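Shown next, in structure tokens, is the structure this report addresses.
The values are calculated or read from the model by the stated rules, or taken from the named source; none is laboratory data. For clarity, every value in this text was computed on a predicted model and none was experimentally measured. Please note: Cβ atoms are built from the backbone with ideal geometry, for glycine as well, and neighbour counts cover all protein chains shown.
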Amino acid sequence: MFDSVSVMKSLDMPHLTVFESIGFNSITIFSERKFRVIQEQTKEIVAFQIVEYFLIQAANIILRSIEKAISKFRAVLEMQWSNGLHDMGYPKWQLVLCLISVYATLYISLFKGVKSSGKVVWITATMPYVVLTILLIRGLMLPGAMKGISYYLQPELSKLKETQVWLDAAVQIFYSVGAGFGVHLSYASYNTFHNNCYRDCLITTAVNSFTSFFSGFVIFTYLGFMSYKQGVDISQVAAEGPGLVFQVYPEAVATLPGSYIWSMLFFFMLIMLGLDSGMGGLECVITGLMDEFNYFFKEKKFGREVFTLFVICASFCVAMINVTPGGIYMFHLFDTYAAGISLLCSALFEAVAVSWFYGLERFTEDVQAMLGHKPGLYWRICWKFISPLFIIV
């Protein structure tokens, strides 16, 4: 005889108390005939409860696997142990060692000025193009890649009505070009007086635009592959910010055959980009302060080396905050308030100071002394009116 009660007890089903309340577990009270009638009536219910039980167990297994994946992701910073900016925690020693290696590389690249950093830039600036090309060729061989490229080349023009889109675009251009940081001014100070800065500006902006456009192809080929593999629309796969770089894209690369090779190439490219950006930002600080207090450093034998070490150590101490469990909160704080509106305001003040306070005519004469000809009317209108108004709007 099919003992439904024993099955339900072994499965620990919640409906057992209902059946017990009506005497279902007291077989001696019922006659054999009445028990069979009840058993036939409850057979379908019991079968459904068994299926439901195994479905719940399967769901629990899936949830546990997801929790393991999340715990592995959280194990990097252990951000689950921080409740906010008031609870930063202590830096992870593994990440501190990584941070030390990065800043040691930056010091070796910068302690001799452009003599050392200029050589390193040949690697850090060109290697990403090689890696991007390799990743693009591999990505074009994946199913769904053309779908991703088609999505990339068909933007939603209605988004142009949103202010946030223009703000994000402006910040992206300022970050990629380096405008507003003073990096170009620092490196340009090492050029000769009659260097063709006009040509350099055109080349820099053209290469920057090409790089952004080219990297978009690489990203969306893999997003198209992710969309094809997961069976969802590509808009649900695409992400922005750190999530795209450290979650979505690595996940796509990890599913490829020989994933460790592609992962190494991808993160090697990120390291090169980070070192390149770090060298530019630190060189701006070092050069600016050394030029301002040139009389002091000129008397020191190893003034450049010692001051570079001081700046590197100070920057390292600030970066230590980001490798704590609460470092992600500080990262978002910097990203929101120190890298967005503040950068645009800095560029606005620079444009107004040069065009309106220093004087556009004096600036034009300076350019003529350097290049041998005055800048065109288009550039003068942009410097004095269009650029400040565009940043303000």
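Since residue 285 meets every condition but one in (1) free of Cβ contacts under 8 Å to residues at least 60 places away in the same chain; (2) hydrophobic (A, V, I, L, M, F, W, C); (3) farther than 20 Å from residue 121 by Cβ, which condition does it not meet?
Of (1) free of Cβ contacts under 8 Å to residues at least 60 places away in the same chain; (2) hydrophobic (A, V, I, L, M, F, W, C); (3) farther than 20 Å from residue 121 by Cβ, only one is false for residue 285: (3).
Please name all residue pairs, on different chains or six or more residues apart, with Cβ atoms under 8 Å, provided the first residue is in region 153-170 and is at negative phi and the second residue is among the hydroxyl-bearing types (Ser, Thr, Tyr) and modelled with pLDDT of 85 or more.
The qualifying pairs do not exist here.
So which of 97, 142 ends up being modelled with pLDDT of 85 or more, assigned by TED's automatic domain parsing to the domain that holds residue 258, in a helix (DSSP H, G or I) and aliphatic (A, V, I, L, M)?
That would be 97, the only listed residue that is modelled with pLDDT of 85 or more, assigned by TED's automatic domain parsing to the domain that holds residue 258, in a helix (DSSP H, G or I) and aliphatic (A, V, I, L, M).
If residue 192 passes every condition in (1) touching a helix residue (DSSP H, G or I) at 6+ places or on another chain (Cβ under 6 Å); (2) closer than 23 Å to residue 366 by Cα; (3) without any contact (Cβ under 8 Å) to a residue 60 or more places away in the chain but one, which one does it miss?
Tallying (1) touching a helix residue (DSSP H, G or I) at 6+ places or on another chain (Cβ under 6 Å); (2) closer than 23 Å to residue 366 by Cα; (3) without any contact (Cβ under 8 Å) to a residue 60 or more places away in the chain, residue 192 fails exactly one: (1).
Among the residues that make up region 325-346, is at least one of them farther than 17 Å from residue 281 by Cβ and outside any helix (DSSP H, G or I)?
yes
Could you look through region 372-393, keep only residues that are not in a helix (DSSP H, G or I) and not aliphatic (A, V, I, L, M), and pick out the one that is farthest from residue 361 (Cα to Cα)?
372
What is the number of the single condition among (1) within 18 Å of residue 335 (Cα to Cα); (2) surrounded by 11 or more Cβ atoms within 10 Å (Cβ to Cβ); (3) out of contact with any helix residue (DSSP H, G or I) (no Cβ under 7 Å at 6 or more places or on another chain) that residue 164 does not meet?
Unmet for residue 164, out of (1) within 18 Å of residue 335 (Cα to Cα); (2) surrounded by 11 or more Cβ atoms within 10 Å (Cβ to Cβ); (3) out of contact with any helix residue (DSSP H, G or I) (no Cβ under 7 Å at 6 or more places or on another chain): (2).
Any chance region 213-226 includes a residue that's part of a helix (DSSP H, G or I), closer than 26 Å to residue 285 by Cα and touching a residue at least 40 places away in the same chain (Cβ under 8 Å)?
No, that holds for no residue.
Given (1) farther than 24 Å from residue 215 by Cβ; (2) modelled with pLDDT under 85, where does residue 291 come up short, assuming only one miss?
(2)
Taking the residues in region 319-342 that are more than 15 Å from the chain's Cα centre (by Cα) and at pLDDT below 80 as candidates, determine which candidate is nearest to residue 83 (Cα to Cα).
Out of the qualifying residues, it is 337.
The conditions are (1) of a type in the set (Gly, Ala, Ser); (2) closer than 30 Å to residue 81 by Cα; (3) more than 28 Å from the chain's Cα centre (by Cα), and residue 353 fails exactly one of them. Which is it?
(2)
Look at residue 301 and say whether it is more than 25 Å from residue 192 (Cβ to Cβ), charged (D, E, K, R) and in the same structural domain as residue 164 (by TED's automatic domain parsing).
Against the criterion (more than 25 Å from residue 192 (Cβ to Cβ), charged (D, E, K, R) and in the same structural domain as residue 164 (by TED's automatic domain parsing)), residue 301 qualifies.
Considering only region 195-210, state which residues are in a helix (DSSP H, G or I) and either within 21 Å of residue 283 (Cα to Cα) or in contact with a helix residue (DSSP H, G or I) (Cβ under 7 Å, 6 or more places away or on another chain) (or both).
197, 198, 200, 201, 204, 205, 208 - these are the residues of region 195-210 that are in a helix (DSSP H, G or I) and either within 21 Å of residue 283 (Cα to Cα) or in contact with a helix residue (DSSP H, G or I) (Cβ under 7 Å, 6 or more places away or on another chain) (or both).
Consider residue 132 against the criteria (1) over 18 Å from the mean Cα position of the chain (by Cα); (2) at pLDDT 85 or above; (3) in a helix (DSSP H, G or I): it satisfies all of them except one. Which criterion is unmet?
Just one mismatch for residue 132, condition (1).
Given the options 176, 150, 186, 209, name the one that is surrounded by fewer than 18 Cβ atoms within 10 Å (Cβ to Cβ), over 18 Å from the mean Cα position of the chain (by Cα) and within 29 Å of residue 349 (Cβ to Cβ).
209
Just to verify a result, which residue in region 210-224, among those that are in contact with a Ser or Thr (Cβ under 9 Å, 6 or more places away or on another chain) and more than 12 Å from residue 139 (Cβ to Cβ), is modelled with the lowest pLDDT?
212
Give just the number: which of (1) assigned to a loop (DSSP other than H, G, I, E, B); (2) in contact with a helix residue (DSSP H, G or I) (Cβ under 6 Å, 6 or more places away or on another chain) does residue 112 not satisfy?
Going through (1) assigned to a loop (DSSP other than H, G, I, E, B); (2) in contact with a helix residue (DSSP H, G or I) (Cβ under 6 Å, 6 or more places away or on another chain) one by one, residue 112 breaks only (2).
Output the residue which, of all residues in region 225-283 that are modelled with pLDDT under 75 and among the aromatic types (Phe, Trp, Tyr), is nearest to residue 98 (Cα to Cα).
Taking the candidates together, the pick is 246.
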